[in-house]
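Chemist: This is the structure I have questions about; it appears just below.
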Amino acid sequence: MRSLLLMVTTAFALSGCVGDDPTAATGGHLGSARFSGEPNVDYTFFGSAAPASIISSPPAGEYGIRFHTSLPGRVMGLRFYRPAGDSENVTVLLLTEAGTKTDSVVLVGQGASPGWQWLSLAQPRRISSGVNYRVSARVSQAVGMTYGYFIGGAVVHDVLTADLGFYRLSGSATMVSTTDAYFVDVIFRPDPE
């Protein structure tokens, strides 16, 4: 299902600038966003959806989701839903299934508006279809989440599927799986057909 089409030039959509996410203009859409900047089409898992809850002062650590894609392609950027009043710098990470960092970006919190923020990767990361990856954010001030989001199992939004949330507390190597969704996301571009 191609649920949302936004006409955005590639230069704007993936310019490497931190900013409010272009999907925010669509309101509370609960699907993936499709950025179109011919000939490339980019997808996100959460689109412009907002979390149902904000956890203030969570235990410091990484919070995120596990995902895979149905098509091979590249992760072009990483996104984080910044709660109101959150002014910390947030490191967003792309991880392997085992939790090894492959890429990261730092979203500056000073003066940041609440809502989706994103930053392009310096070098897009190629990922394979059907292989699990994780995306997480290192936070200590606040994190957006929806309790029980994955209680019914995997959730499919266009070419992206997520099946669990997870957290890893600072100083721990253990990733704890949960049915809760933490609002951290990727900007994914499938390979041309």
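What follows draws every value from the coordinates through simple rules; no lab data is involved. Keep in mind it's a predicted model, so treat the numbers as computed, not measured.
Chemist: Which value results when the Cα radius of gyration for segment 37-95 is divided by 2.2 N^0.38 Å? Walk me through the numbers before you get to the answer.
Modeler: On the way: Rg = 14.1 Å, N = 59, 2.2 N^0.38 = 10.4 Å.
That ratio works out to 1.36.
Chemist: Under 5 Å between amide H atoms, partner at least 5 residues away or on a different chain: which partners does A49 have, H built in plane at 1.01 Å?
Modeler: G31
Chemist: Follow-up. Note the full-extension length gain between E193 and S53 as 0.36 nm times their separation in residues minus their Cα-Cα distance, in nm to one decimal. Before the final figure, lay out the partial values.
Modeler: Numbers: separation 140, 0.36 × 140 = 50.40 nm, distance 3.85 nm.
Result: 46.6 nm gained on full extension.
Chemist: Would you pull out the residues with amide H under 5 Å of L164's amide H, same chain only if 5 or more places away, H placed 1.01 Å from N?
Modeler: Long-range HN contacts for L164: R66.
Chemist: Give me the number: length gained by fully extending S140 to V156, i.e. 0.36 nm times residue separation minus the C-alpha to C-alpha distance, one decimal in nm. Can you show the working numbers first?
Modeler: Numbers: separation 16, 0.36 × 16 = 5.76 nm, distance 2.90 nm.
Length gained between S140 and V156: 2.9 nm.
Chemist: Under 5 Å between amide hydrogens, which residues at least 5 positions from D103 or on another chain qualify, with H placed 1.01 Å from N in the peptide plane?
Modeler: L94
Chemist: Let me ask you something else. Could you give the alpha-carbon Rg of segment 56-193 over 2.2 N^0.38 Å, rounded to two decimals? Could the numbers behind the result be given before it?
Modeler: Working: Rg = 14.1 Å, N = 138, 2.2 N^0.38 = 14.3 Å.
Its radius of gyration relative to the 2.2 N^0.38 Å reference: 0.99.
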